[in-house]
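Asker: Here you go, one structure.
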Amino acid sequence: MGDIDWQLAADSFWPLLRGGLTGTIPLALMSFAFGLVLAFAVALLRLSRNRVLSGIGRVYVSVIRGTPLLVQLFVVFYGMPSVGVVVDPWPSAIIAFSLNVGGYAAEVIRAAILSVPSGQWEAGYMVGMSRGRALRRIILPQAARVSVPPLSNTFISLVKDTSLASLILVAELFRAAEEIAAFSSEFMLVYIEAAFIYWAFCTVLSFGQDRIERKLEQYV
């Protein structure tokens, strides 16, 4: 790389940071939110006493966890048009990342629900609660405390995984880094700068995760 071009580093910092704040973080937040809703539904399918429903949930989790995220992203963006469904880059990224989060977070939520002692279910039944109400009022609040740390880790990983969206031309942090690097030919400098911003984002999120976990400890 030779001497560091500090002027380029200064000039490129804001475009990279803006790409992260307006592209990477919103993409991660939206995908994680949709993914959590999907994950909860899949977790309930996996816990269902109906073998068909449980089997559907099991197959979905197996497919998502058994295939690379990049392949899932390409299937949505490049594969769906072959069956007549054309989706723009941004929605394609959200769909692919949400499906991926759904597959991984579903197992986290399922394990958290199963970690609640069976006596809690029985306590709910004894006071006249239905299974659904016992789940909402007794089981899920306790399971939430258990699931926060692994779900937080999933979100932090998702923030880094959004860099794959640059391959389908989504304007986010790594896409901005690619454009600046190609224009300036300072690939090492720009990519290290992008890596630093990813690291800064994840550090802030990790700090927030620690604060949430300490808050929850007082209820355990």
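The values are calculated or read from the model by the stated rules, or taken from the named source; none is laboratory data. Fair warning: this is a prediction, and the values are worked out from it, not measured in the lab. Every residue, glycine as well, gets a Cβ built from its backbone with ideal geometry; the counts of neighbours run over all protein chains shown.
Asker: For the range 117-220, please list each of the helices (runs of 4 or more DSSP H) lying entirely inside it that holds at least 2 residues being in contact with a helix residue (DSSP H, G or I) (Cβ under 9 Å, 6 or more places away or on another chain) and within 30 Å of Pro89 (Cβ to Cβ). If you could, list the steps in order and put the result at the bottom.
Answerer: Numbers: elements: 118-126, 131-134, 140-161, 173-184, 187-217.
In the range 117-220, the matching helices (runs of 4 or more DSSP H) lie at 140-161, 173-184, 187-217.
Asker: Here is a follow-up. Grab the helices (runs of 4 or more DSSP H) fully contained in the range 1-103, keeping just those with 3 or more residues being among the hydrophobic types (A, V, I, L, M, F, W, C) and under 20 Å from Phe155 (Cβ atoms). I'd like the intermediate steps shown before the answer.
Answerer: Numbers: elements: 6-19, 25-47, 51-66, 69-74.
By residue number, 25-47, 69-74.
Asker: So which pairs qualify, if the first residue must be in the range 77-103 and farther than 19 Å from Ala28 by Cβ and exposed (fewer than 13 other Cβ atoms within 10 Å of the Cβ), the second must be modelled with pLDDT under 95 and not acidic (Asp, Glu), the Cβ gap must be under 6 Å, and the two must be at least 6 apart or on different chains?
Answerer: Short answer, once both residue conditions are applied: none.
Asker: Something else now. Scan the range 23-32 for residues that are in contact (Cβ under 8 Å) with a residue 60 or more places away in the chain and surrounded by fewer than 18 Cβ atoms within 10 Å (Cβ to Cβ) and report the count.
Answerer: If we filter the range 23-32 for residues that are in contact (Cβ under 8 Å) with a residue 60 or more places away in the chain, which is where we start, we get 23-25, 27-28, 30-32.
When the remaining residues are screened for being surrounded by fewer than 18 Cβ atoms within 10 Å (Cβ to Cβ), the result is 25, 30.
Result for the range 23-32: 2.
Asker: Within the range 142-151, identify whether any single residue is buried (at least 21 other Cβ atoms within 10 Å of the Cβ), over 30 Å from Arg175 (Cβ atoms), touching a Lys or Arg at 6+ places or on another chain (Cβ under 6 Å) and not aliphatic (A, V, I, L, M), and answer yes or no.
Answerer: Taking every residue of the range 142-151 in turn, none turns out to be buried (at least 21 other Cβ atoms within 10 Å of the Cβ), over 30 Å from Arg175 (Cβ atoms), touching a Lys or Arg at 6+ places or on another chain (Cβ under 6 Å) and not aliphatic (A, V, I, L, M).
A quick yes/no check of all residues on (1) surrounded by fewer than 18 Cβ atoms within 10 Å (Cβ to Cβ); (2) closer than 19 Å to Leu29 by Cβ; (3) among the aromatic types (Phe, Trp, Tyr):
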position: Arg131; (1), (2), (3): yes, no, no
position: Arg137; (1), (2), (3): yes, no, no
position: Leu167; (1), (2), (3): yes, no, no
position: Glu172; (1), (2), (3): no, yes, no
position: Ala177; (1), (2), (3): no, no, no
position: Ala182; (1), (2), (3): yes, no, no
position: Ile192; (1), (2), (3): yes, no, no
position: Asp210; (1), (2), (3): yes, no, no
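Asker: Here's a follow-up. Have a look at Val59, Val63, Val85, Val76 and point out the one that is touching a Ser or Thr at 6+ places or on another chain (Cβ under 7 Å) and among the β-branched types (Val, Ile, Thr).
Answerer: Working: Val59 fails: touching a Ser or Thr at 6+ places or on another chain (Cβ under 7 Å); Val63 fails: touching a Ser or Thr at 6+ places or on another chain (Cβ under 7 Å); Val85 fails: touching a Ser or Thr at 6+ places or on another chain (Cβ under 7 Å).
The unique qualifying residue is Val76.
Asker: Moving to a separate point now. Among the residues that make up the range 115-124, is at least one of them under 28 Å from Val63 (Cβ atoms), of a type in the set (A, V, I, L, M) and either over 27 Å from the mean Cα position of the chain (by Cα) or surrounded by fewer than 13 Cβ atoms within 10 Å (Cβ to Cβ) (or both)? Spell out the reasoning first.
Answerer: Within the range 115-124, the first condition is being under 28 Å from Val63 (Cβ atoms), and the residues that meet it are 115-116.
Filter once more, so that each one left must be of a type in the set (A, V, I, L, M): 116.
Retained after the next criterion (residues that are either over 27 Å from the mean Cα position of the chain (by Cα) or surrounded by fewer than 13 Cβ atoms within 10 Å (Cβ to Cβ) (or both)): none.
Scanning the range 115-124, I find no residue that is under 28 Å from Val63 (Cβ atoms), of a type in the set (A, V, I, L, M) and either over 27 Å from the mean Cα position of the chain (by Cα) or surrounded by fewer than 13 Cβ atoms within 10 Å (Cβ to Cβ) (or both), so the answer is no.
Asker: Tell me the residue from Phe13, Phe74 that is of a type in the set (Phe, Trp, Tyr) and under 24 Å from the mean Cα position of the chain (by Cα), please. Before the answer, list the steps.
Answerer: Numbers: Phe13 fails: under 24 Å from the mean Cα position of the chain (by Cα).
Going through Phe13, Phe74 in turn, the sole match is Phe74.
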